[in-house]
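The structure appears right after this line, and notes come after that.
The values are calculated or read from the model by the stated rules, or taken from the named source; none is laboratory data. As the structure is a prediction and not an experimental result, all values here were calculated from the model. Reconstructed Cβ throughout: ideal geometry from the backbone, glycine too, with neighbour counts over all protein chains shown. What goes into the accessible areas is simple: the full protein's heavy atoms, side chains included, and nothing from ligands, DNA or RNA. Shrake-Rupley method; radii C 1.70, N 1.55, O 1.52, S 1.80 Å.
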Amino acid sequence: MNRVILNTLLISCLLLGACKKKVTPPNPEIPVNLFKAKLQTVLYYDKYPSTTAALSQDNLLPQVTGAITGIFFTEGQLVKKGQKLYEIDERIYQANYDAAVANEKVTESTLLQSEQDAERYEYLNKYNAVAKQLYDHAMITLATSKAQVKSAEEAVKSAKTNLIYATIYAPFNGTIGFSQVKMGTVVSPGTVLNTVSTDDPMAVDFIINEKVLPKFEKLKEVKNQERDSLFTLLLPDNSLYPETGKITIIDRAVDSQTGSIRVRLVFPNPKHYLRVGMSGNVRVHNQDTKPQLVLPNKAVVEQMGEYFVFVAKDSLVNNPKMGKDSVTKKMAVLLAHQKKVITGQTIGPNVVIKSGIDEGDRVITDGLQSLHDGSKITTANKAPGGKGGKGGKTE
């Protein structure tokens, strides 16, 4: 009997314990670090991959056939306009020219004789003292002699031109490259001997999207550009080229397939640092001088192509240790609220925020991985540093 009573009491205690309401522990506060959003003037550049190009470039092509008998320059060096560069064996062209000159003199002598005969027969014909046939032949001979002289003169010009073409001169001041032929090489019209290109100033070409074309049209009209404003150039080793450039040409048409258009800058190149075909990055200085909101990059979270930040807000919530009915029983807590933002230019570890938050908002920069909209947060404990969705992106 006693055993039954004890078992009954034990079961009753267990049932009584199971019926008691379980108390859910309050949600823990997530430690975070805050950054107060503020307006500041920012300095940044838009970057565009670029390639250097010569304003003038000319392939040296012979106009006559023959063997190279002279090379009068040092490869890779500066040449002056009109400087003698190559010589093609000119002996045959000199002989042709001399023969053409001699033939011209013969035709001129024949013309003189024809003129004299024509004058004599013309006088005799006037008095019917010569046969009509002889007079006609004299006039025809005179006309033929004049045509022969004209033909001889053109032959002299042609022979002289070929003789001149046997020597190749620099078309303008510039840098000459490696010779494609050597002494004794037989060349003909169309054979590339070498290339000469201008190098001061130097063109720098880059591609922009048609959406920013109006901006560049305005920049093209800017006069008296400041040395440190507008256009600068980063060299292949990422060093800054010491000279600044200016827009000279915007291409005539937009590529309908890519929506892009080419822009050309011109940079002084007095020390010949720039070479044709070099790659680099054109930097276009930001012209917007208005202060902008800037946040640490790690504060921005990317979700499905959109960007968000968490902002800390002071809020009143019910105190779980007290009743729900009285306002005085509420407690102040710090909550995280998610806000969608529109981002702008990335500047080192920071990013410009175009819209979505206001100056003075307290933005959460660390502890983002554990947050959702409405999470309780605290700044009492230092949150470990972390990265947001855009975190770590640098320019």
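Test of understanding: among Gly245, Gly259, Gly280, which residue is of a type outside the set (Ser, Thr, Tyr), in contact (Cβ under 8 Å) with a residue 12 or more places away in the chain and farther than 30 Å from Val79 by Cβ?
Values: Gly245 fails: farther than 30 Å from Val79 by Cβ; Gly280 fails: farther than 30 Å from Val79 by Cβ.
After ruling out the rest, the residue left standing is Gly259.
How about the range 63-103: which of its residues are part of a helix (DSSP H, G or I) and among the aliphatic types (A, V, I, L, M)?
Going residue by residue through the range 63-103, those that are part of a helix (DSSP H, G or I) are 91-103.
The answer is Ile92, Ala95, Ala99, Ala100, Val101, Ala102.
Of all residues in the range 262-288, how many are open to solvent by less than 40 Å² (accessible area, probe 1.4 Å) and either farther than 14 Å from Leu219 by Cβ or more than 15 Å from the chain's Cα centre (by Cα) (or both)?
5
What do you reckon, is Ile207 among the β-branched types (Val, Ile, Thr), open to solvent by 50 Å² or more (accessible area, probe 1.4 Å) and assigned to a helix (DSSP H, G or I)? Walk me through it before giving the result.
Values: among the β-branched types (Val, Ile, Thr): yes; open to solvent by 50 Å² or more (accessible area, probe 1.4 Å): yes; assigned to a helix (DSSP H, G or I): no.
Judged against the criteria, Ile207 is not a match.
Please specify each residue of the range 130-163 satisfying the condition of being loosely packed, with under 15 Cβ neighbours inside 10 Å, modelled with pLDDT of 90 or more and of a type in the set (A, V, I, L, M).
Ile140, Ala143, Ala147
Is it the case, given these coordinates, that Leu112 is among the aliphatic types (A, V, I, L, M) and either open to solvent by 90 Å² or more (accessible area, probe 1.4 Å) or touching a residue at least 24 places away in the same chain (Cβ under 8 Å) (or both)?
Details: among the aliphatic types (A, V, I, L, M): yes; either open to solvent by 90 Å² or more (accessible area, probe 1.4 Å) or touching a residue at least 24 places away in the same chain (Cβ under 8 Å) (or both): yes.
The answer is yes for Leu112.
On the basis of being surrounded by 16 or more Cβ atoms within 10 Å (Cβ to Cβ), over 12 Å from the mean Cα position of the chain (by Cα) and assigned to a loop (DSSP other than H, G, I, E, B), does Asp237 make the cut? So that I can check it myself, show each step before the final result.
On the way: surrounded by 16 or more Cβ atoms within 10 Å (Cβ to Cβ): no; over 12 Å from the mean Cα position of the chain (by Cα): yes; assigned to a loop (DSSP other than H, G, I, E, B): yes.
Criteria not met by Asp237.
If Asp251 passes every condition in (1) at pLDDT below 90; (2) more than 26 Å from Gln345 (Cα to Cα); (3) charged (D, E, K, R) but one, which one does it miss?
Answer for Asp251: the failing condition is (1).
Kindly indicate the residue of the range 331-362 that is among the small types (Gly, Ala, Ser), in a strand (DSSP E or B) and modelled with pLDDT of 80 or more and also nearest to Leu34 (Cα to Cα) among those meeting that condition.
Of the range 331-362, the ones among the small types (Gly, Ala, Ser) are 332, 336, 344, 348, 355-356, 360.
If we keep only those that are in a strand (DSSP E or B) too, we end up with 332, 336, 344, 355.
Remaining after also requiring modelled with pLDDT of 80 or more: 336, 344, 355.
On the way: Ala336: 11, Gly344: 21, Ser355: 19 Å.
Top of the filtered list is Ala336.
Got a number for residues in the range 36-57 being surrounded by 12 or more Cβ atoms within 10 Å (Cβ to Cβ), of a type in the set (Val, Ile, Thr) and outside any strand (DSSP E or B)?
Within the range 36-57, residues that are surrounded by 12 or more Cβ atoms within 10 Å (Cβ to Cβ), of a type in the set (Val, Ile, Thr) and outside any strand (DSSP E or B) number 1.
Have a look at Asn173, Asn162, Asn125 and point out the one that is in contact (Cβ under 8 Å) with a residue 24 or more places away in the chain and farther than 22 Å from Asp89 by Cβ.
Asn173
Please work out which residue is least open to solvent (accessible area, probe 1.4 Å), limiting yourself to the range 363-378 and to residues that are part of a loop (DSSP other than H, G, I, E, B) and modelled with pLDDT of 80 or more.
Taking the range 363-378 first, the residues part of a loop (DSSP other than H, G, I, E, B) are 367, 371-375.
From the residues that got through so far, the ones that are modelled with pLDDT of 80 or more too are 371-375.
Numbers: Leu371: 22, His372: 114, Asp373: 96, Gly374: 34, Ser375: 6 Å².
Per the stated criteria, the residue is Ser375.
So Leu85 ticks every box in (1) at pLDDT below 95; (2) open to solvent by less than 40 Å² (accessible area, probe 1.4 Å) but one. Which box is left unticked?
Failing condition for Leu85: (1).
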